[in-house]
Amino acid sequence: MTKSILLGLLGLTTLTSAAPVSLNRRGSGKRGLAYNNGALTDYFGGSKVTWTYNWVSASNGASSGLEFVPMLHSTDAAFTGVWAADVKTAVKAGSTHVLSFNEPDQCGGGGTCITDPGAAASAHKQYMSPIADTYPSVKIGAPAVTNGVTSSTGSSMGLPYLKSFLTACDDCRIDFVAAHWYDSAENVSYFKQHLQDVHTQTGKPVWVTEFAPQGSDAQKQAFLQEVLPWMDGQDWIERYAYQWVAPGVLINDAGTGLSALGSVYQSA
């Protein structure tokens, strides 16, 4: 996750609101929207999208026709202080899942820099165990990790970090794991293999809560046209969200509708 996203984590935005579109698609579909400006989610009417998240625990204006999934972004008091109350609100509104920390294996670039998996496990227990006890039917995710391996300081990242976290949190209720992926649009085989490795090495269902290829617009569109049907066909991939609903990515530069890439994501 890039630093620009952090500017909107508490729901502040200066973007123009989207024109309302009727959305009523809560259900078992996998495709989701990662966003800061909730109004922009309204442009995905008539698509396969069923859920949203925004790296924090309050929906901040996303369409009520889509399931909002709260995330406890980090252990910062700005997030932990509202966590329990926001989850209560979200569950009352129909949320059935919650997400744990965002990229604790990375420092900078939106990562929450909890480089010790044991410390992340302790914090996860502190804030997620009460949710599991209070809402037994709500599914709880592991922290979302990068597709790195080792940081510049030598600490573990990605799948090695996640495996260490799960070992340290072996008495936690973890219903699914969350993975991020960034690489070349031409590296479809690596994308598929990485997610398969996350699943087989953890034994858990997988959510892909951030993914984005690098390349030309045509290459990115071709990437989505191949990997979206593939993810839809893997029963161990439960949900996924492209990075992200913003002008210049899934929204056009003017912020007035879907980009060409967004149209592919909407319908492929």
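When only residues in region 100-110 that are surrounded by fewer than 24 Cβ atoms within 10 Å (Cβ to Cβ) and either outside any loop (DSSP other than H, G, I, E, B) or touching a Gly at 6+ places or on another chain (Cβ under 6 Å) (or both) count, which is modelled with the lowest pLDDT? Residue satisfying both the conditions and the ranking: G108.
Residues that are surrounded by fewer than 20 Cβ atoms within 10 Å (Cβ to Cβ), of a type outside the set (S, T, N, Q) and under 19 Å from L250 (Cα atoms) are absent from region 162-175.
What pairs come out if I take residues in region 69-87 that are over 26 Å from T50 (Cβ atoms) and touching a residue at least 60 places away in the same chain (Cβ under 8 Å) and pair them with residues that are open to solvent by 10 Å² or more (accessible area, probe 1.4 Å) and part of a loop (DSSP other than H, G, I, E, B) whose C-beta lies under 8 Å away, six or more apart or interchain? Here the result reads A78/L10, each pair linking region 69-87 to a residue that is open to solvent by 10 Å² or more (accessible area, probe 1.4 Å) and part of a loop (DSSP other than H, G, I, E, B). Number of residues in region 245-257 that are assigned to a strand (DSSP E or B) and open to solvent by less than 40 Å² (accessible area, probe 1.4 Å) equals 2.
What do you reckon, is A222 of a type in the set (G, A, S), open to solvent by 10 Å² or more (accessible area, probe 1.4 Å), touching a residue at least 24 places away in the same chain (Cβ under 8 Å) and over 21 Å from T52 (Cα atoms)? So A222 passes the test.
Looking at region 177-211 only, could you name the residues that are of a type in the set (A, V, I, L, M, F, W, C) and buried (at least 20 other Cβ atoms within 10 Å of the Cβ)?
V177, A178, A179, W181, A185, F191, L195, V198, V206, W207, V208, F211
Would it be correct to say that A268 is at pLDDT below 95 and surrounded by fewer than 21 Cβ atoms within 10 Å (Cβ to Cβ)? Answer is yes for this residue. Cβ-Cβ contacts under 9 Å between residues 6 or more apart (or on different chains), taken from a first residue in region 242-261 that is more than 20 Å from G61 (Cα to Cα) and at pLDDT 95 or above to a second residue that is among the charged types (D, E, K, R) and open to solvent by 20 Å² or more (accessible area, probe 1.4 Å), are listed as S259/D217; S259/D253; A260/D217; L261/D217; L261/K220.
Among the residues of region 52-90, the ones that are out of contact with any Lys or Arg (no Cβ under 7 Å at 6 or more places or on another chain) and in a loop (DSSP other than H, G, I, E, B) come to 18 in all.
Kindly indicate whether any position in region 66-76 is more than 27 Å from L40 (Cα to Cα) and not acidic (D, E). Checked against the condition, which is being more than 27 Å from L40 (Cα to Cα) and not acidic (D, E), region 66-76 yields at least one hit. Considering region 91-125, the residues that are over 30 Å from L66 (Cα atoms) and among the hydroxyl-bearing types (S, T, Y) include one that is farthest from the chain's Cα centre (by Cα), namely S122.
The values are calculated or read from the model by the stated rules, or taken from the named source; none is laboratory data. All values reported here derive from a predicted model rather than from experimental measurement. Virtual Cβ from ideal backbone geometry, glycine too; neighbours counted across all protein chains shown. Areas reflect the complete protein model, heavy atoms only, side chains present, ligands, DNA and RNA absent. Shrake-Rupley method; radii C 1.70, N 1.55, O 1.52, S 1.80 Å.
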